[in-house]
Amino acid sequence: MQSLRVDLGSRSYPIHIGPGLIGDKDRFAPALAPGPVAIISDSNVAPLYLEALDKTLRSLGKTVLNIILPAGEGSKTLASIQEITGQLLSAGFGRDCSLCALGGGVIGDIAGFAAAAYQRGVAYLQVPTTLLAMVDSSVGGKTGVNHPLGKNMIGAFYQPRAVIADTDTLDTLPEREFRSGLSEVIKYGLISDQGFFSWLEDHMDAVMARDTAALMHIIERSCADKAEVVARDEQEGGLRAILNLGHTFGHAIEAASGYGTFLHGEAVAIGIIMAADLSRRLDLIRESEQDRIYALMEGAGLPTLAPRLPVAEYLRFMQVDKKAQGGQVRFILLRGIGEAVITGDVPPAAVIQTLNAFMENEHGRD
């Protein structure tokens, strides 16, 4: 097992990474509040791991309530928050309860927001079961749900008491879900860790084969990189926005194509490729660096093209991106591999060129 810490003063918490952790009651005990526990999971994950987590929590003397939502992005709505809070109230859960998010990024975001809202805030733990959740969404306290007009538009910054990443759960992760998580791993190398990016270029075969040592390395390195940024800018006042590399384009792709068409990591992969292309058009990176980024995404088996939709449709969703200020879209771009930059000074024509270049049936670089 490897452990590290997100340093946020009184809201600091550990991240534990390793095999068999769902059954390790000593990892859970320090993070739980005194009262009962609700496990929030989904219809895909619950049949695999809910019984084991339930057993661990009951071994600590806890009363346990299991709440299972339909799997998929379609559950990331206010209706799910209503469902969770309704079950908590019906079961008589008070402010001394804890919620455990058992699943991927969707469940983590929903359960975290429910914890932030229920009785104005109760304890919760992240128990991620996908690569994407382990390396990104479970760390940092971003919680929320979608709105038809934009992704993650309703939510709160609310930190978990602990992140417990049981790497054994990756054994049952479908290949598409596994590859989806790699886009966020690659992101960390691009924004602040050039050495990690180079390591990924050299070891992607081992990662794709799910070699245990390789997986432990990418999860620990990604969490460490994210924890450092979050500790410096918890609520995205400035620096933390670099963690959204590719997300301005990616969230627009998810929303415009209909939530659930693309997995989040797949949309982010295309978004990162677009951000790299836009960076090259603005002479921030060299074409050789853009080629390396494209090659690594392709080597990870990730999609590289967005659906062919009217450019205006993508632009409409980008205008409601959370990083927009004063009606101006801010982009996270690259000044080289390992250095991200936040800018709102981007010519609209360049954005349109990038969108057109990386849509289906028209792949090229002007």
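The values are calculated or read from the model by the stated rules, or taken from the named source; none is laboratory data. Quick caveat, the model's predicted, so the values are computed rather than measured. Reconstructed Cβ throughout: ideal geometry from the backbone, glycine too, with neighbour counts over all protein chains shown. To get the accessible areas, we keep the full protein, side chains included, count just its heavy atoms, and leave off ligands, DNA and RNA. Shrake-Rupley method; radii C 1.70, N 1.55, O 1.52, S 1.80 Å.
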Worksheet entry | Read-out Rg/Rh (Cα atoms, Kirkwood Rh), derived from the coordinates shown; its label in (1) 1.02; (2) 0.96; (3) 0.99 | (2)
Worksheet entry | Vicinal HN-Hα couplings computed from phi for the range 308-317 (Karplus, 6.51 cos²θ - 1.76 cosθ + 1.60; Hz; Gly/Pro x) | 7, 10, x, 4, 4, 5, 5, 4, 4, 6
Worksheet, complete the sentence: Note: Met208 to Ser90 extended length (0.36 nm per residue) minus current alpha-carbon separation gives 38.0 nm
Worksheet item: Counting only residues 5 or more places away or on other chains, whose amide H sits under 5 Å from the amide H of Leu302 once H atoms are built in the peptide plane?
Response: none
Worksheet entry | Extended-chain gain in nm, criterion 0.36 nm per residue less alpha-carbon gap, Ala312 and Ala295 | 3.3 nm
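Only bridges with both residues in the chain count here: give the DSSP antiparallel percent, nearest 5.
45
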Response to the item:
In the range 50-201 the DSSP beta bridges are antiparallel at a rate, in percent to nearest 5, of 40
Practice prompt. Please identify the longest segment of the chain free of exposed GluC sites (Glu not before Pro), where exposed means a DSSP state other than H, G, I, E or B and no more than 16 other Cβ atoms within 10 Å.
Written response: 1-338
Worksheet, complete the sentence: The helix 175-192 Cα axis meets the longest alpha-carbon principal axis of the chain at an angle in degrees, between 0 and 90 and rounded to 10, of 70
Worksheet item: In the range 81-124, carbon and sulfur make up what percent of the accessible area (probe 1.4 Å)?
Response: 45
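Keeping all protein chains in place, calculate the accessible area per residue for the range 77-155 (probe 1.4 angstrom), answer in Å².
Heavy-atom SASA per residue in the range 77-155 reads 30 Å².
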Worksheet item: How much accessible surface area, in Å² rounded to 10, belongs to the heavy atoms of Arg330 with a 1.4 Å probe?
Response: 50
Item to complete: Could you pull the accessible area for Ile40 with a 1.4 Å probe, rounded to 10 Å²?
Response: 0
Practice prompt. State in Å² the accessible area per residue of the range 185-343; use a 1.4 Å probe, count heavy atoms of protein chains only, and round to the nearest integer.
Written response: 36
Practice prompt. Please determine, in degrees from 0 to 90 and to the nearest 10, the orientation of helix 194-208 with respect to the longest principal axis defined by the Cα atoms of the chain, where the helix direction is its Cα long axis.
Written response: 70
